[in-house]
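The values are calculated or read from the model by the stated rules, or taken from the named source; none is laboratory data. Only a predicted model underlies this, so the values are computations on that prediction, with no experimental measurement involved. Every residue, glycine among them, receives a Cβ derived from its backbone with ideal geometry; neighbour counts consider all protein chains shown. Areas reflect the complete protein model, heavy atoms only, side chains present, ligands, DNA and RNA absent. Shrake-Rupley method; radii C 1.70, N 1.55, O 1.52, S 1.80 Å.
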Amino acid sequence: VQLVESGGGLVPAGGSLRLSCAASGLTFSNAVMGWFRQAPGESRAFVGIMNRNGVQVFGDPVKGRFTISRDNGKNTVYLQMNSLKPEDTAVYYCAADPNFSAILAQTARYWGQGTQVTVSS
């Protein structure tokens with residue numbers, strides 16, 4: 001199984017980015033997909049999750065600004081990030097697991113390598 005994130009970069013505060021996570025080697029339509037981030041000197045934090053039925057849950061810091069979508073035909077999940085703030089600067093990771101609670105507990109079976117997002121003030 002491989003998860004590959006892309007789409008990170010440098011963006012000014014208030015801007016938008018869309019991250020992608022392309023999955024291979026798993027039955028993507030059955031997977032629960034999550035997004036996490038890790039800022040320098042901090043532990044990895046929950047960003048959001050989407051189950052196989054499209055239900056989304058987000059962490060408080062990003063509610064109302066971030067959304068998740070998935071394209072089962074392309075085996076890809078997306079994280080749309082709007083109204084970005086400097087405190088959103090982090091490495092963003094996607095995770096996949098058949099189990100919703102495993103994603104929330106950060107014990108997902110599969111993780112990507114991460115993509116850097118930097119928001120300038």
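Near the amide H of Lys85, within less than 5 Å, lie the amide hydrogens of Gly14, all on another chain or at least 5 residues away, with H placed in the peptide plane. Seen from Ala13, the other residues with C-beta closer than 15 Å to its C-beta sum to a net charge of 0, counting Lys and Arg as +1 and Asp and Glu as -1. In order along segment 6-17, phi translates into HN-Hα couplings of 8, x, x, x, 9, 9, x, 4, x, x, 10, 9 Hz, rounded to whole numbers, per the Karplus curve 6.51 cos²θ - 1.76 cosθ + 1.60 with θ = phi - 60° and x for Gly and Pro. Shown are Thr27, Thr76, whose ranking by accessible area with a 1.4 Å probe and every protein chain present, most to least, is Thr27, Thr76. For Lys63, the accessible surface of its heavy atoms amounts to roughly 120 Å² (probe 1.4 Å, protein chains only, rounded to the nearest 10).
Summing charges over all other residues whose Cβ lies under 12 Å from the Cβ of Asn51, with Lys and Arg as +1 and Asp and Glu as -1, gives +1.
Sum up the charges of everything whose Cβ sits under 14 Å from the Cβ of Lys85, counting Lys and Arg as +1 and Asp and Glu as -1, but leave Lys85 out.
On the way: positive: Arg37, Lys63, Arg65; negative: Asp60, Glu87, Asp88.
Around Lys85, the charge tally is 0.
Restricting the trypsin sites (Lys or Arg not before Pro) of segment 1-50 to loop positions (DSSP other than H, G, I, E, B) with no more than 16 neighbouring Cβ atoms within 10 Å leaves Arg44. Within the accessible surface of the chain, defined with a 1.4 Å probe on protein heavy atoms only, the carbon and sulfur portion equals 48 percent.
Using a probe of 1.4 angstrom and keeping all protein chains present, the accessible surface of the chain works out to 48 square angstrom per residue. Measuring only protein heavy atoms, the 1.4 Å probe finds Tyr93 accessible over about 50 Å².
When you restrict to C-alpha pairs under 8 Å that are six or more residues apart and normalise by the size of the chain, the relative contact order lands at 36 percent.
Before rounding to the nearest 500, sum -39500 (n - 2.57) across all DSSP H runs of length at least 4 in the chain and divide by the residue total; then give [θ] at 222 nm in deg cm²/dmol.
Working: 1 runs with 5 residues, N = 121.
Only helices count here, giving -1000 deg cm²/dmol.
The simple spin-label model puts a point 7 Å past each Cα toward its Cβ; for Arg44 and Gln106 those points are separated by 0.7 nm.
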